[in-house]
1. Return the pairs, sorted by first residue and then second, in which the second residue is of a type in the set (Lys, Arg), the first residue lies in the stretch 141-162 and is closer than 17 Å to residue 85 by Cα, the beta carbons are less than 8 Å apart, and the residues are 6+ apart or on different chains.
2. For the stretch 122-130, state whether one or more residues are of a type in the set (Lys, Arg) and not in a loop (DSSP other than H, G, I, E, B).
3. Would you mention how many residues in the stretch 147-196 are assigned to a loop (DSSP other than H, G, I, E, B) and touching a helix residue (DSSP H, G or I) at 6+ places or on another chain (Cβ under 9 Å)?
4. Could you grab the pairs with beta carbons closer than 6 Å, sequence gap of 6+ or different chains, first residue in the stretch 106-119 and closer than 14 Å to residue 133 by Cβ and without any contact (Cβ under 8 Å) to a residue 60 or more places away in the chain, second one assigned to a helix (DSSP H, G or I) and hydrophobic (A, V, I, L, M, F, W, C)?
5. So which residues in the stretch 11-29 are farther than 30 Å from residue 204 by Cα and touching a Leu at 6+ places or on another chain (Cβ under 9 Å)?
6. Output the number of the condition that residue 166 fails; it satisfies all remaining conditions of (1) loosely packed, with under 14 Cβ neighbours inside 10 Å; (2) under 21 Å from residue 67 (Cβ atoms).
7. Kindly indicate whether any position in the stretch 3-19 is among the hydrophobic types (A, V, I, L, M, F, W, C), under 21 Å from the mean Cα position of the chain (by Cα), closer than 29 Å to residue 98 by Cβ and surrounded by fewer than 17 Cβ atoms within 10 Å (Cβ to Cβ).
Amino acid sequence: MQRVLDIDLDFFLAECCPLAEVGHRPARQGHEPWESDAVRAFLEGSCLLTREHPIPGRVFETHDGALCYWKELMAAGRLQPPFHVTHVDAHSDLGVGYPGPGYVLYNVIALPPKRRLELDRFYQERKLDEANYLLFSLAARIVGSLENVRRPFSRNDVPPQLLTLDGAHLRLPQSFPDLFERINGPEPLIPYKEYKEDGSFQAAAPYDYMSLAISPRYAPQEADALIPMFKAYMCPD
């Protein structure tokens, strides 16, 4: 299974930022970005990245760009689903907040799996965004396993209806399982692990692709100074 490292800049802050208004950035005070040495130690020590052997990757303004990137890689035959995702973010991006997980759980998974990546349609309907793109990815059955690397300040924002009782797997519940399972088959059981304590995450193997979301409404302007550091571990793609 291929491996994807999916990073959000807001992970590398002293504290989680409140969502800023459109066109604005949060204040730096209380949300100071990490020192460069700490960022480098995480990327190299925990994520097994090296500047000597960069991997293909991209930088996006908002995190839903990652799903568009994965779709592009799949269309080119470079990324084979289902693939593993390590999601390094202060938020789960699994649909808490408007429009919530309901649209995906009631509308998207009613579609045949091949139609669940009709991203233009979901953007036009204003249903797909940076806070739920990962839930859309699960619905499309392209993510085979998921690691959610959080911070101690991250709130518990994984929709509980996605988690199995032991918390070790995710599965999207179907509203009419007898009907949809006959048409689309059962929704897959996705191995899941969450890390919330700093220093607790250690990648099991190197990654094939990576990406960075700037998420300007969730990170102060000063955090942008870290972007070149991340690019040093990426090769042109």
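The values are calculated or read from the model by the stated rules, or taken from the named source; none is laboratory data. Bear in mind the structure is a predicted one, so any value in this text is a computation, not a measurement. Using ideal geometry, Cβ is built from the backbone for each residue, glycine included, and neighbour counts are taken over all protein chains shown.
1. Sorted first by the residue in the stretch 141-162, then by its partner, the pairs are 141/116; 146/193; 147/193; 148/193; 150/196; 162/171.
2. no
3. So the count comes out to 14.
4. Every condition considered, the pairs that remain are 108/139; 116/108; 116/139.
5. 26
6. Going through (1) loosely packed, with under 14 Cβ neighbours inside 10 Å; (2) under 21 Å from residue 67 (Cβ atoms) one by one, residue 166 breaks only (2).
7. Yes: one or more hits.
Yes/no per residue for (1) of a type in the set (Ser, Thr, Tyr); (2) within 18 Å of the chain's Cα centre (by Cα); (3) at pLDDT 95 or above:
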| position | (1), (2), (3) |
| --- | --- |
| 54 | no, no, yes |
| 57 | no, yes, yes |
| 67 | no, yes, yes |
| 74 | no, yes, yes |
| 81 | no, yes, yes |
| 107 | no, no, no |
| 133 | yes, yes, yes |
| 138 | no, yes, yes |
